[in-house]
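Chemist: The structure is given below, and queries will be raised subsequently.
The values are calculated or read from the model by the stated rules, or taken from the named source; none is laboratory data. Since this is a predicted model, take the numbers as computed values, not measurements. Note that we place each Cβ from the backbone using ideal geometry, even for glycine, and neighbour counts take in every protein chain shown. Note: areas computed on protein heavy atoms with side chains; ligands, DNA, RNA excluded. Shrake-Rupley method; radii C 1.70, N 1.55, O 1.52, S 1.80 Å.
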Amino acid sequence: MREVLDELERWWKAGKPVGLATVVATWHSAPRPAGATMLVGPDGTAVGSVSGGCVEGAVYEVAQEAMEAGVPALERYGVSDGDAFAVGLTCGGILDVYVERIDPAGFPEFGEVAGAIRAGIPVAVVTCVSAGRDGDSGGDGGESAPASRLGRRLVVWGDRTAGSLGTDRLDAAATDDARGLLAAGRTGMLRYGYDGQRRGDELLLFVSTHATPPRMIVFGAIDFAAAVSRIGTFLGYRVTVCDARPVFATTRRFPEAHEVVVGWPHNYLRAEVEAGRVDERTVVCVLTHDPKFDVPVLEVALRLPLAYIGAMGSRRTHNDRLARLREVGLTEDELARLASPLGLDLGARTPEETAVSIAAEIIAGRWGGSGSRLTTLDGPIHHLTGACTTEDRFADQGKDAN
């Protein structure tokens, strides 16, 4: 994403048009999630990917046409897994790809959008990718007519908007829903009537959200924490390592972490919650296996709607920890949210292997994976749960979105 943003901003500042292809919906075992992008520059350069290589050639040609003619298009690629080789989508699944021209005249707000993304300010771009089938009326032939809606954009921040999708009512409805997706860190599709009716489906809007990265908070400045912080950064988390012992909690020992904090874990977590810097995407890994640190921070964490809470320790440590947590009043439902001992059964021994095990459990929880070997399973390998998939209620495979 950052490479595409860099190149797109470079050409936009130069006043040059580019073709941008974005995955806006997926079904079955599609290779890339909604939001994946590929850029075709005015010099023919291709940056990014919408399918991992399966249909890039076809998308490249459509993007060139959109760049030259300025006419956007919504294309569908892929068939059933069994027939996938016939159309080049070798992994199967279905992709809807929206292709458009980006230039300063057509997207004057892009400079602000790029600046917000770089500054870590949450922003969503709502684009009309389909404005009704042939023969649909809707509108009076002016700016509110279906043909004029295609390609229109609304940029949504937490406190303001820019651009318009055609009517004030539609802008208001899309702003509310886009802010909801932005708060959850989700990218996906919305359907409305021509004037913003939520029961309508004439307009198909794609909401591309750019939120701050999810957080990983690692409590316990031990050697395992160094490996966990490295893999957390690799997965795209903003990683914090926290420990009450200043001799261990140093940036020199944790160069991959975004920040290293000296403080009691439960006090730090409570302060971050009060400051609004912890949300439902946050993962917490408690690695000290020392009850004077573990129990107070887990007492705070297990009462929060976090994405993942894991704690390191032996079976004996785990049972002792549960007893102590029950003593401070945690319920069985709250205790059931604790992954302890944390990680999947990979037979890990080293800190690096253990970090992979922990990361695997976090990923499985995020996407609904079982942790089993794929070779022993049937059905699609990608799960339709998690933060970046298109919501089923807005995606109907049987409908022609073009």
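Chemist: Quick check on my filter: what residues within the stretch 244-286 are open to solvent by less than 20 Å² (accessible area, probe 1.4 Å) and either within 22 Å of Asp333 (Cα to Cα) or β-branched (Val, Ile, Thr) (or both)?
Modeler: Leu269, Thr282, Val283, Val284, Cys285, Val286 - these are the residues of the stretch 244-286 that are open to solvent by less than 20 Å² (accessible area, probe 1.4 Å) and either within 22 Å of Asp333 (Cα to Cα) or β-branched (Val, Ile, Thr) (or both).
Chemist: Hey, Tyr60 hits all of (1) buried (at least 20 other Cβ atoms within 10 Å of the Cβ); (2) hydroxyl-bearing (Ser, Thr, Tyr); (3) assigned to a helix (DSSP H, G or I) but one; which does it fall short on?
Modeler: So Tyr60 meets the others, but not (1).
Chemist: Can I ask one more? So how many residues does the stretch 229-272 have that are touching a residue at least 12 places away in the same chain (Cβ under 8 Å) and either within 25 Å of the chain's Cα centre (by Cα) or outside any loop (DSSP other than H, G, I, E, B) (or both)?
Modeler: The total comes to 27.
Chemist: Sticking with this one: Take Ala46 and tell me if it is farther than 29 Å from Leu165 by Cβ, at pLDDT 80 or above and either open to solvent by 50 Å² or more (accessible area, probe 1.4 Å) or touching a Leu at 6+ places or on another chain (Cβ under 8 Å) (or both). Don't jump to the end; show me each part of the working.
Modeler: Details: farther than 29 Å from Leu165 by Cβ: yes; at pLDDT 80 or above: yes; either open to solvent by 50 Å² or more (accessible area, probe 1.4 Å) or touching a Leu at 6+ places or on another chain (Cβ under 8 Å) (or both): yes.
It is true that Ala46 is farther than 29 Å from Leu165 by Cβ, at pLDDT 80 or above and either open to solvent by 50 Å² or more (accessible area, probe 1.4 Å) or touching a Leu at 6+ places or on another chain (Cβ under 8 Å) (or both).
Chemist: Return the residue satisfying two criteria in turn: it lies in the stretch 73-126 and is open to solvent by 70 Å² or more (accessible area, probe 1.4 Å) and within 22 Å of Arg152 (Cα to Cα), and of such residues it is modelled with the lowest pLDDT.
Modeler: Within the stretch 73-126, the match that is modelled with the lowest pLDDT is Arg76.
Chemist: Of all residues in the stretch 193-210, count the ones that are open to solvent by less than 20 Å² (accessible area, probe 1.4 Å) and either among the basic types (Lys, Arg) or more than 25 Å from the chain's Cα centre (by Cα) (or both).
Modeler: 3
Chemist: Can you give me the number of residues within the stretch 11-39 that are farther than 23 Å from Val207 by Cβ and either under 24 Å from the mean Cα position of the chain (by Cα) or open to solvent by less than 20 Å² (accessible area, probe 1.4 Å) (or both)?
Modeler: Going through the stretch 11-39 one residue at a time, the tally reaches 1.
Chemist: Scan the stretch 134-148 and give yes if some residue there is closer than 20 Å to Pro108 by Cα and at pLDDT below 95, otherwise no.
Modeler: Within the stretch 134-148 (the criterion being closer than 20 Å to Pro108 by Cα and at pLDDT below 95), the answer is yes, since at least one residue qualifies.
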